[in-house]
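The values are calculated or read from the model by the stated rules, or taken from the named source; none is laboratory data. Just so we're clear, the structure is a prediction, and the values are computed from it rather than from any experiment. Note that we place each Cβ from the backbone using ideal geometry, even for glycine, and neighbour counts take in every protein chain shown.
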Amino acid sequence: MISQSPAFIEYLVNSLHENGVPVIRPAGVLGAHLDAMQICPHIPQKEYPAGALATALFLISGVRGMERGSISNQRDEYGNETYADMELVRLAVPRRVFTLSQIKYVEDRMTWLYHNRELIGGLRFVYEPPVLRFFMGGLEPVNDWPQKLMAKFKEDFGDSL
């Protein structure tokens with residue numbers, strides 16, 4: 001039982017890698033990490049590619065990933081943005097919670113999203129508290145990319161979400 005979660009994470013990481021999805025390797029034991037800077041090189045870092053990728057994945061699958069990039073950084077003492085060295089989306093896999101079919105669902109939807117990654121656009125803050133902006137801040141898309149992404153999803157999958 002205890003080895004199930006690390007085995008599922010390894011399966012997910014290796015399957016995504018085999019499908020061409022940029023993912024951090026080797027697999028860890030707590031989750032998979034998607035490399036948003038490689039997946040979405042068309043999104044400038046000032047538009048938070050990891051946050052945008054996490055948003056897009058949620059929209060097309062209901063899968064929640066955690067942004068681990070520049071949104072998670074605080075501004076410096078002068079109010080300037082501080083950019084992270086890496087823009088990652090963490091997909092946590094708690095022990096004994098998920099089935100292999102659910103992991104395969106994540107693989108399927110993330111692979112589809114990777115093949116349609118040009119539809120993902122950036123985000124901007126509309127509300128940014130002085131502390132914990134990643135937790136309490138509000139973001140919005142910089143344009144209508146979510147509608148375009150969902151239109152392509154419906155074209156490919158119908159109303160299966």
Subset of the stretch 1-43, residues within 15 Å of Met110 (Cα to Cα), in contact with a strand residue (DSSP E or B) (Cβ under 9 Å, 6 or more places away or on another chain) and outside any helix (DSSP H, G or I), comes to Val21, Pro22, Val23, Ile24, Gly31, Ala32, His33, Leu34, Asp35
Condition first: surrounded by fewer than 16 Cβ atoms within 10 Å (Cβ to Cβ) and touching a residue at least 12 places away in the same chain (Cβ under 8 Å). Now tell me which residues in the stretch 6-23 satisfy that. Pro6, Asn19, Gly20
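Considering the stretch 86-111 alone, what residues qualify as being crowded, with 17+ Cβ neighbours inside 10 Å and touching a helix residue (DSSP H, G or I) at 6+ places or on another chain (Cβ under 7 Å)? Show your work before the answer.
Here is the first cut: in the stretch 86-111, the residues crowded, with 17+ Cβ neighbours inside 10 Å are 87-91, 93, 98, 103, 106-107, 109-110.
If the condition is that a residue be crowded, with 17+ Cβ neighbours inside 10 Å and touching a helix residue (DSSP H, G or I) at 6+ places or on another chain (Cβ under 7 Å), then Glu87, Leu88, Val89, Leu91, Val93, Phe98, Ile103, Val106, Glu107, Arg109, Met110 are the ones that fit.
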Looking at this structure, is Asn80 modelled with pLDDT under 95, under 19 Å from Leu139 (Cα atoms) and in contact with an Asp or Glu (Cβ under 9 Å, 6 or more places away or on another chain)? no
Verdict on Glu77 being acidic (Asp, Glu) and either surrounded by 18 or more Cβ atoms within 10 Å (Cβ to Cβ) or closer than 17 Å to Leu100 by Cα (or both): no
Name the one entry in Leu123, Leu139, Leu132 that is out of contact with any Ser or Thr (no Cβ under 6 Å at 6 or more places or on another chain), exposed (fewer than 14 other Cβ atoms within 10 Å of the Cβ) and more than 21 Å from Ala32 (Cα to Cα). Leu132
Scan the stretch 49-73 residue by residue and report those that are over 8 Å from the mean Cα position of the chain (by Cα), in contact (Cβ under 8 Å) with a residue 60 or more places away in the chain and more than 18 Å from Val131 (Cα to Cα). Pro49, Leu59, Ile60, Ser61, Gly62
Taking the stretch 104-161 on its own, how many of its residues are assigned to a loop (DSSP other than H, G, I, E, B) and closer than 20 Å to Gly20 by Cβ? 2
Qualifying positions in the stretch 1-44 - more than 14 Å from the chain's Cα centre (by Cα) and closer than 26 Å to Leu139 by Cα: His42, Pro44
